[in-house]
Amino acid sequence: MNPSKRFKNENSNKDSDDDIIIIESTKAPVIHEYCQHIDNITGESCKEYYAIVCIHCNLYLCYIHVEIHRVLLINERDKLVNELNERIEEINQLIENPDRIQQLLIEQMENRKKTKVSFIHQLSLEKLINISKIINDLKQLFEPIRIVLQKTRCVSSIQIKKIQESFLKFDENKKILINNIVDSITIKQHHSVNLFQLSNLDRPCRQYELPVHHSVHNEMAASEDVLVINDREHVLLFNLTNCFDDTLIPELIEWKNCVDGKIIDIQYSLYLKLFFILTDEKLFSLNRLSSLVCLYRFASLPWSCTIVLNSIYILYKYSTIIEQWTFQQTSAIQLVKQWKLNEILTESEHDRHLKCIRSNPSQSQLAILIEDDECRWRIALFDHDMNYLQQTNMLPNASTIDWSLIFSFISDQQLIVMDTTTETIYLITINESTSTINYQQYSNSDYPANACRITNNDCSQLILKMVKPNMLKFFQI
Ligand SMILES: [Zn+2]
Ligand SMILES: [Zn+2]
């Protein structure tokens, strides 16, 4: 089922070779009486009488030399057929393996930028290119060659030259085509502002099963190329650089719950280039070399944290207090400010718990998941000085039994809230002063238990941690 058929490479057997027609000379000789063949080595002319005009070189030749020239011509043509088949093979390889088209585009982008294209950028390519159009364009590249070959059933040196020219043209056109695609990707990468839809959850661009089955722990965060996930006795470190394999093999960092506390939140700071691991007792920083530093030991039970520049915002269990700490380069944190929710939010006398705090991707806003005394949940938005901006309506049917709600920003405009008790996903879209809530229940199917963004040079993906089966799904955002 090759889209482009190989051209037959006929052997030079005299009987089977009917492509080459030798034209007998009809005109009487004017000047040339003898065969015009000149020996390459001795430089001597042939002493035979000429018989016919050679279609290879248009010289008057004897029967012996016209046969020799015919073989030369066949060899040249065979060489061209081989060259053509190589090109067809190359294109067929691309057409049959769209992954190779992507690989080719990535190589081109890397050559242009003189830097490696990150995993996240590679993933985003799938959204930006139209593979079937590229395949069609690649097939079209052969048309000029096909036309030339169809016209030249009878081979002559002029026609061979034409075929060679069409090959050069083919190589040139292929280069132009690839360049144009790379150009269009670069333009499109800066113009993707589509809102995320709940239906997008059915179409991950990548998914990986995790080596640990039935993990009930879902705390996670991602840097530009490393994904960190809590797995109770271990912290799993996934290196996402060039990971096009079907499985992700994590590096394991042993975690002693009895010494360091139970992990309840993991966040990454793009600004500090550090992961922060919050347990029910302590706060740790974790850098890329896997070195773990304890920054603080809390007196009360911390519950959630987020990082804005060098500030760390912390929420506590059974409390409506929000604290801002600063990260010191001396590997410690210091309390800067403390707010009570009822001081920053009017009509908040019925609010009981603050479950989860997150900062938006551009680090200009903080969002907090709030539960009131009727066990209803909503999200409120603040600036980094905790000035109130806006809040959502109550999340319909959100869990009232336990506190298994968590959320993540998808973009500055959108949030995803996951309730693992009711197995419901809420997608919140923030407009200037209002917000809309879309939601869907994912019972009896795999549902996400946590989400985080991964960003590398303006390019982002949403990663969802699924349970039953325990897996990761990547989505274009
Ligand atoms: Zn000749
Ligand atoms: Zn001769």
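The values are calculated or read from the model by the stated rules, or taken from the named source; none is laboratory data. Computed from a predicted model, the values in this text were never measured in an experiment. We place every Cβ from the backbone using ideal geometry, glycine too, and count neighbours over all the protein chains shown. All accessible areas refer to the heavy atoms of the entire protein, side chains included, with ligands and DNA or RNA removed. Shrake-Rupley method; radii C 1.70, N 1.55, O 1.52, S 1.80 Å.
Could you list, in their original order, any pairs among K113/K175; K113/K169; K256/K282; K79/K169 whose Cα atoms are separated by more than 20 Å? The pairs that break the limit, which is 20 Å between Cα atoms, are K113/K169.
Can you tell me which aspartates and glutamates have their Cα less than 19 Å from the Cα of K262? Leave out same-chain residues fewer than eight positions away. Here the aspartates and glutamates satisfying the reach criterion relative to K262 are E219, D231, E233, E254, D280, E281, D402. The figure for W303 is an accessible area of roughly 30 square angstrom, using a 1.4 Å probe on the protein chains alone.
Per-residue extension of 0.36 nm, minus the Cα-Cα distance of I68 and L252, leaves a gain of 59.1 nm for this segment.
Starting from the Cα gyration tensor of region 368-427, take the square roots of the eigenvalues, sort them a ≥ b ≥ c, and report rounded, prolate or oblate (rounded when a/c is under 1.5, otherwise prolate if a/b is larger than b/c, else oblate). Oblate, because a/c is 1.5 or more while a/b does not exceed b/c.
Summing charges over all other residues whose Cβ lies under 13 Å from the Cβ of K262, with Lys and Arg as +1 and Asp and Glu as -1, gives -3. Whole-Hz Karplus values for region 345-359 come out as 10, 6, 6, 10, 5, 9, 7, 10, 9, 10, 8, 8, 10, 9, 9 Hz, taken residue by residue from phi with 6.51 cos²θ - 1.76 cosθ + 1.60 and θ = phi - 60°; glycine and proline positions read x. Restricting the calculation to Cα atoms, every distinct pair contributes to the Kirkwood radius of the chain, found to be 27.5 Å. In the chain, helical runs assigned H by DSSP with n ≥ 4 each contribute -39500 (n - 2.57); averaged across all residues and rounded to the nearest 500, the mean residue ellipticity at 222 nm is -8000 deg cm²/dmol. Our compactness index for region 198-476, the C-alpha radius of gyration over the empirical 2.2 N^0.38 Å, is 0.94. For T247, the accessible surface of its heavy atoms amounts to roughly 80 Å² (probe 1.4 Å, protein chains only, rounded to the nearest 10). For C62, the solvent-accessible surface computed with a 1.4 Å probe is close to 10 Å², ligands and nucleic acids excluded. Evaluating 6.51 cos²θ - 1.76 cosθ + 1.60 at θ = phi - 60° for every residue in region 408-417, the Karplus couplings come out as 8, 6, 8, 8, 4, 9, 9, 10, 10, 10 Hz, glycine and proline recorded as x.
Short-range pairs are left out: with C-alpha atoms under 8 Å and at least six residues apart, the relative contact order of the chain is 10 percent.
The 3J(HN,Hα) values that the Karplus relation (6.51, -1.76, 1.60; θ = phi - 60°) gives for region 305-321 are, in residue order, 8, 8, 10, 10, 6, 9, 9, 10, 9, 10, 10, 10, 5, 6, 8, 10, 8 Hz. Gly and Pro appear as x. Other residues whose C-beta falls under 15 angstrom from the C-beta of R203 contribute a net charge of 0, scoring Lys and Arg +1 and Asp and Glu -1. Taking other residues whose beta carbon is less than 15 angstrom from the beta carbon of H384, and scoring Lys, Arg as +1 and Asp, Glu as -1, yields -2.
Taking a ≥ b ≥ c as the square roots of the eigenvalues of the Cα gyration tensor, region 52-189 is classed as prolate, since a/c reaches at least 1.5 and a/b is larger than b/c.
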